[in-house]
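J.: Here you go, one structure.
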Amino acid sequence: MSIDKKNIVILISGRGSNMMSIVNAVNNGQIDANITAIISNRPDAAGIEFAEQQGITNLIIDHKEFDSRESFDQALAKEIDSYQPDLLVLAGFMRILTADFVEHFAGRLINIHPSLLPKFKGLDTHQRAIDAGEKEHGASVHFVTAELDDGPVILQARVPVLANDDVASLSARVLEQEHKLYPDAIKKLTSTTE
Ligand code: GAR
């Protein structure tokens, strides 16, 4: 344990299974950091209930209550700043962020994307990997830059694509790896002993 633990804020939009794997990794000591807040842009995000049960500060900032992408991102950034994150973690946060927001958190903003970047940026990555006849697929943790799903890759996990895979089977195989990959990447970025 270290007295200068890093602060992490996690943004989610839905299920939150990656966020849960990060919380579990903090709870079991794999990651030595504080999760200072979990924020959802959707009121119905299932992950928020888990955050509440874990006693982690959590809140909803509903993007539908803002009249522009800019005003939402400004309000979100202001709220996030109050939790003083060393690392801002996008975990299934399904909003495109403005360049101003990305610049504000540059160097401490990371995302997990379900493909072997730079392949398959954007949506429907599993179907597109199957359609392209890929033999290998996976997930990437990367720093976020203003370009969608771009920015330096921190870690990747690979899985085989099997002959009879559909989106359900392939996404489940990738997700299992995501749940190890994201804690590993965050451990690497928050470790104060290296
Ligand atoms: C994850 O598979 C994540 O890689 C993906 O959304 C899912 C969220 O699941 N993210 C993206 O597609 C970002 N472009 P979760 O809410 O259970 O963590």
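J.: Give me the percent of the accessible area of the chain that comes from carbon and sulfur atoms, probe 1.4 Å, all protein chains in place.
T.: Values: 4870 of 9790 Å².
So the carbon and sulfur contribution to the accessible surface is 50 percent.
J.: Between ALA132 and ASP184, take the C-beta separation as r, use R0 = 35 Å, and let me know the FRET efficiency to the nearest 0.05.
T.: Working: r = 27 Å, r/R0 = 0.77.
E(calc), rounded to 0.05, equals 0.85.
J.: Given a Förster radius of 25 Å and the C-beta distance between LYS119 and VAL167 as r, what FRET efficiency does 1/(1 + (r/R0)^6) yield to the nearest 0.05?
T.: On the way: r = 16 Å, r/R0 = 0.65.
In this case the efficiency is close to 0.95.
J.: Moving on. Can you flag which of LYS119/LYS188; LYS135/LYS188; LYS121/LYS188; LYS121/LYS180 are past 27 Å Cα-Cα? Walk me through the intermediate numbers first.
T.: On the way: LYS119/LYS188 24 Å; LYS135/LYS188 29 Å; LYS121/LYS188 24 Å; LYS121/LYS180 21 Å.
In this structure, LYS135/LYS188 exceed 27 Å between Cα atoms.
J.: What does the charge dipole of the range 48-194 about its Cα centre add up to, to the nearest 20 debye, if the Cβ of each Lys and Arg holds +1 and the Cβ of each Asp and Glu holds -1?
T.: Here the size comes out at about 480 debye.
J.: Over what distance in Å are the Cα centres of the range 142-194 and the range 1-55 separated?
T.: When both Cα centres are located, 17 Å separates them.
J.: Continuing with the same structure: Can you tell me the order of 67-79, 177-189 when each peptide is scored by its average per-residue count of other Cβ atoms within 10 angstrom, highest first? Before the final figure, lay out the partial values.
T.: On the way: 67-79: 14.7, 177-189: 19.8.
Result, highest mean first: 177-189, 67-79.
J.: In Å², what does the accessible area per residue of the range 18-161 work out to with a 1.4 Å probe? Before the final figure, lay out each step's value.
T.: Details: 7060 Å² over 144 residues.
Normalised by residue count, the accessible surface of the range 18-161 is 49 Å².
The values are calculated or read from the model by the stated rules, or taken from the named source; none is laboratory data. Here the structure is a predicted model, which means the values were calculated and not measured. FYI the Cβ positions are ideal-geometry reconstructions off the backbone, even for glycines, and counts take in every protein chain you see. Heavy atoms of the whole protein, side chains included, go into the accessibility calculation; ligands, DNA and RNA do not. Shrake-Rupley method; radii C 1.70, N 1.55, O 1.52, S 1.80 Å.
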